[in-house]
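Here the structure is laid out as structure tokens; the discussion comes afterwards.
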Amino acid sequence: MPLRETLARVDADLAAGRVPLARQRLRGLISSFPHDLTLRRRLAEVYRLYGDTAEAGRWMYLEEDRNADETAAFEARYGSPGWRMKALVWQGAEAKAATAFAEGQLVAVRTACATQLGHPVDWDDPASYRDDDLEGGYEAPSEPWTAGGVLVGVGCLVAALVFLAIWVNGLVALFD
């Protein structure tokens, strides 16, 4: 689908209150047109509708007029330069950036990542900026079991066993 037509659908989705669909369309456009800062700005506006400052900061990170609180939230959520490289979903050389500020931001993130990892990294080679920290960066913290959690687990197990018993009983009755 052409860019203009998809943007018209995004506008229609937003007007109709279909914010998640508009967000999904914009994310798809950014994967197809990663150098288009206007698309990133539009996606940041959608995330502001959700109240997600970190994601708004993520998509405005390459803009000079970005909000400092959103940028700080993005940098806190994506704590390492490698995570930031992955989150920015940039492709190709930094020189493809539409503005000098965006190019400088991309160079700074790539340089910080290369310094941290101790070897050169490349936007087009995610394996070059992947490390052990990136693999375990979003692991949910382990918490002790609670009585409610145990009851829910036992309830699910009992429901599955009842369903299985009914199914087996029906299967036996079918061949009896």
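Computed over the chain, relative contact order equals 13 percent, with contacts defined as Cα pairs under 8 Å that lie 6+ residues apart. Put simply, the amide H of residue 122, placed in the peptide plane, has neighbours under 5 Å in 128, 129, leaving out anything fewer than 5 places away on its chain. Applying 1/(1 + (r/R0)^6) with R0 = 25 Å to the Cβ-Cβ distance of residue 8 and residue 91 gives a FRET efficiency near 0.50. PRE reach from residue 168 (point 7 Å along Cα→Cβ): which of the stretch 148-162 fall under 17 Å by backbone N? Hits in the stretch 148-162 for residue 168 at 17 Å: 157-162. Descending by average beta-carbon neighbour count within 10 Å, the peptides 163-174, 66-77, 7-18, 50-61 line up as 50-61, 66-77, 7-18, 163-174, the highest first. With contacts taken as Cα pairs under 8 Å at a separation of at least 6 residues, the stretch 3-51 carries a relative contact order of 30 percent. Helices assigned as whole DSSP H runs in the chain whose Cα atoms extend at least 24 Å along their own long axis and whose mean Kyte-Doolittle hydropathy is 1.0 or higher are found at 147-175. Excluding ligands, DNA and RNA, the accessible surface per residue across the chain is 61 Å² with a 1.4 Å probe.
Hey, if you put +1 on the Cβ of every Lys and Arg and -1 on every Asp and Glu Cβ in the stretch 1-130, which of 98, 54, 28 ends up farthest toward the positive end of that dipole? In the stretch 1-130, that residue is 28.
Accessible surface of the chain, 1.4 Å probe: 59 percent of it comes from carbon and sulfur atoms.
How much length is gained if the chain between residue 151 and residue 103 is pulled fully straight, taking 0.36 nm per residue apart and subtracting their Cα-Cα distance, in nm to one decimal?
In short, 11.9 nm is gained.
With semi-axes defined as the square roots of five times the eigenvalues of the C-alpha gyration tensor, the equivalent ellipsoid of the chain measures 42, 24, 17 Å, largest first.
The values are calculated or read from the model by the stated rules, or taken from the named source; none is laboratory data. Quick caveat: nothing in here was measured; it's all calculated off a predicted structure. As a convention, Cβ positions derive from the backbone with ideal geometry for all residues, glycine included, and neighbour counts pool all protein chains shown. Please note that ligands, DNA and RNA were not included when accessible areas were found on the heavy atoms of the full protein model with its side chains. Shrake-Rupley method; radii C 1.70, N 1.55, O 1.52, S 1.80 Å.
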